[in-house]
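First, the structure itself, so that you have it in front of you.
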């Protein structure tokens, strides 16, 4: 029995070594090397891969390339959010914008009428619908800022994944714009259609933001030519004959001719329908408040709300009256059946 003991000890030692060797091999890589590997992964993130429930792709008309590109829904929302709202905005504002962008495109995909796009496309990649850029295009555009921007944009999309805005069980026309004049506009005061959820609401967060005020000037000759009128020699130009609920110009008479505020804005390329006209010598000076058509969600207003601690649900509830946040599942199933 005494002769067997050394053998038992040797076997025991070998057994312990067998257990320890794998751990000893791993230890050198569990410190600095592991941290380095993690840092490398963070500095070279993979393009966002976001599941979207039922497999649904958006047929995007890439206008410059004159081709139709099929993009998974949630990846499309990433590409839209990246172009339609600054990544520096608060996360909750970005989430509200992601919700609006997803709602907008789902509504268009469900519609039988595809306006302004070739056969087989759902939307274009321009402001006629929603501006969209691919991951490759964003990398080239953002360069050194790509990593933090795409991380934040993707987070906003993921945290609203599978959600859209509905009214009476249908996706809303989720209009949005840059900056209000202190109020949003009733849909019927800018467009011909009246929607119960696109009502004028206060938006004080926009005032004095970087895009609130603007001033442009053009020659009297250019002004007259664009509007097809002749103006007198006085300093005052035009007479506002009606204003909307949000104090924008509804109608104005210039040179004996009546225009809607929208006609003047679009013809002269103004930022807003809240404008004033003044003649100074041979120049016409035009001052505006706000940026965009004013209907729906103000992006700078959404960012202001987020800075005050409001979440994305509170933001969309303010700008889109009486809407609900609904799952996309049933709507995407309809799209899957259609295709």
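The values are calculated or read from the model by the stated rules, or taken from the named source; none is laboratory data. These figures come from a predicted structure and were not determined experimentally. For neighbour counting, all protein chains shown are included, and Cβ atoms are generated from backbone atoms with ideal geometry for every residue, glycine included.
Condition check ((1) under 16 Å from residue 150 (Cβ atoms); (2) in contact with a strand residue (DSSP E or B) (Cβ under 8 Å, 6 or more places away or on another chain); (3) in a helix (DSSP H, G or I); (4) modelled with pLDDT of 95 or more) across all residues:
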{"position": "36", "(1), (2), (3), (4)": "no, no, yes, no"}
{"position": "59", "(1), (2), (3), (4)": "no, yes, no, yes"}
{"position": "64", "(1), (2), (3), (4)": "no, no, no, yes"}
{"position": "78", "(1), (2), (3), (4)": "yes, no, yes, yes"}
{"position": "82", "(1), (2), (3), (4)": "yes, no, yes, yes"}
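Only one of 165, 138, 198 is in a loop (DSSP other than H, G, I, E, B), in contact with a helix residue (DSSP H, G or I) (Cβ under 6 Å, 6 or more places away or on another chain) and modelled with pLDDT of 95 or more. Can you tell me which?
On the way: 165 fails: in a loop (DSSP other than H, G, I, E, B); 138 fails: in a loop (DSSP other than H, G, I, E, B).
Result of the check over 165, 138, 198: 198.
If residue 189 passes every condition in (1) free of Cβ contacts under 8 Å to residues at least 60 places away in the same chain; (2) over 20 Å from residue 80 (Cβ atoms); (3) assigned to a helix (DSSP H, G or I) but one, which one does it miss?
Among (1) free of Cβ contacts under 8 Å to residues at least 60 places away in the same chain; (2) over 20 Å from residue 80 (Cβ atoms); (3) assigned to a helix (DSSP H, G or I), residue 189 violates only (1).
Here's a follow-up. Quickly run through the range 274-290 and pick out the residues that are over 14 Å from residue 264 (Cβ atoms) and not in a strand (DSSP E or B).
Of everything in the range 274-290, those that are over 14 Å from residue 264 (Cβ atoms) and not in a strand (DSSP E or B) turn out to be 281, 282, 290.
Further, regarding this structure: Given the structure, is residue 177 modelled with pLDDT of 95 or more, over 30 Å from residue 282 (Cβ atoms) and in contact with a helix residue (DSSP H, G or I) (Cβ under 8 Å, 6 or more places away or on another chain)?
Criteria met by residue 177.
So, one more: Scan the range 234-249 and tell me whether some residue there is touching a helix residue (DSSP H, G or I) at 6+ places or on another chain (Cβ under 6 Å), part of a strand (DSSP E or B), more than 18 Å from residue 302 (Cβ to Cβ) and in contact (Cβ under 8 Å) with a residue 24 or more places away in the chain. Give the derivation first.
Going residue by residue through the range 234-249, those that are touching a helix residue (DSSP H, G or I) at 6+ places or on another chain (Cβ under 6 Å) are 244, 248-249.
So of that shortlist, the ones also part of a strand (DSSP E or B) come out as 249.
Then keep just the ones that are more than 18 Å from residue 302 (Cβ to Cβ); that gives 249.
Add one more test, that the residue is in contact (Cβ under 8 Å) with a residue 24 or more places away in the chain, and what stays is 249.
Looking for residues that are touching a helix residue (DSSP H, G or I) at 6+ places or on another chain (Cβ under 6 Å), part of a strand (DSSP E or B), more than 18 Å from residue 302 (Cβ to Cβ) and in contact (Cβ under 8 Å) with a residue 24 or more places away in the chain, one finds at least one in the range 234-249, hence yes.
Is it the case that residue 211 is modelled with pLDDT of 95 or more and out of contact with any strand residue (DSSP E or B) (no Cβ under 8 Å at 6 or more places or on another chain)?
no
Still on this structure, I have one more. Quickly run through the range 306-322 and pick out the residues that are buried (at least 24 other Cβ atoms within 10 Å of the Cβ) and in a helix (DSSP H, G or I). Break it down into steps so the answer makes sense when it comes.
Quick first cut of the range 306-322, residues buried (at least 24 other Cβ atoms within 10 Å of the Cβ) only: 312, 315-316, 319-320.
Those that are buried (at least 24 other Cβ atoms within 10 Å of the Cβ) and in a helix (DSSP H, G or I): 312, 315, 316, 319.
In the list 160, 179, 209, 154, which residue meets the criterion of being within 18 Å of residue 293 (Cβ to Cβ), in contact (Cβ under 8 Å) with a residue 12 or more places away in the chain and surrounded by 21 or more Cβ atoms within 10 Å (Cβ to Cβ)? Reasoning before the result, please.
Details: 160 fails: within 18 Å of residue 293 (Cβ to Cβ); 209 fails: surrounded by 21 or more Cβ atoms within 10 Å (Cβ to Cβ); 154 fails: within 18 Å of residue 293 (Cβ to Cβ).
Testing whether each residue is within 18 Å of residue 293 (Cβ to Cβ), in contact (Cβ under 8 Å) with a residue 12 or more places away in the chain and surrounded by 21 or more Cβ atoms within 10 Å (Cβ to Cβ) leaves just 179.
Just one of the numbered conditions (1) farther than 18 Å from residue 165 by Cβ; (2) crowded, with 20+ Cβ neighbours inside 10 Å is not true of residue 184; which one?
Here residue 184 clears every test but (1).
Just to be sure, is residue 142 under 20 Å from the mean Cα position of the chain (by Cα), buried (at least 16 other Cβ atoms within 10 Å of the Cβ) and within 21 Å of residue 97 (Cα to Cα)? So that I can check it myself, show each step before the final result.
On the way: under 20 Å from the mean Cα position of the chain (by Cα): yes; buried (at least 16 other Cβ atoms within 10 Å of the Cβ): yes; within 21 Å of residue 97 (Cα to Cα): yes.
Answer is yes for this residue.
A follow-up question, please. Limited to the range 98-126, what total is found for residues that are over 26 Å from residue 152 (Cβ atoms), touching a residue at least 24 places away in the same chain (Cβ under 8 Å) and part of a loop (DSSP other than H, G, I, E, B)?
Of the residues in the range 98-126, 5 are over 26 Å from residue 152 (Cβ atoms), touching a residue at least 24 places away in the same chain (Cβ under 8 Å) and part of a loop (DSSP other than H, G, I, E, B).
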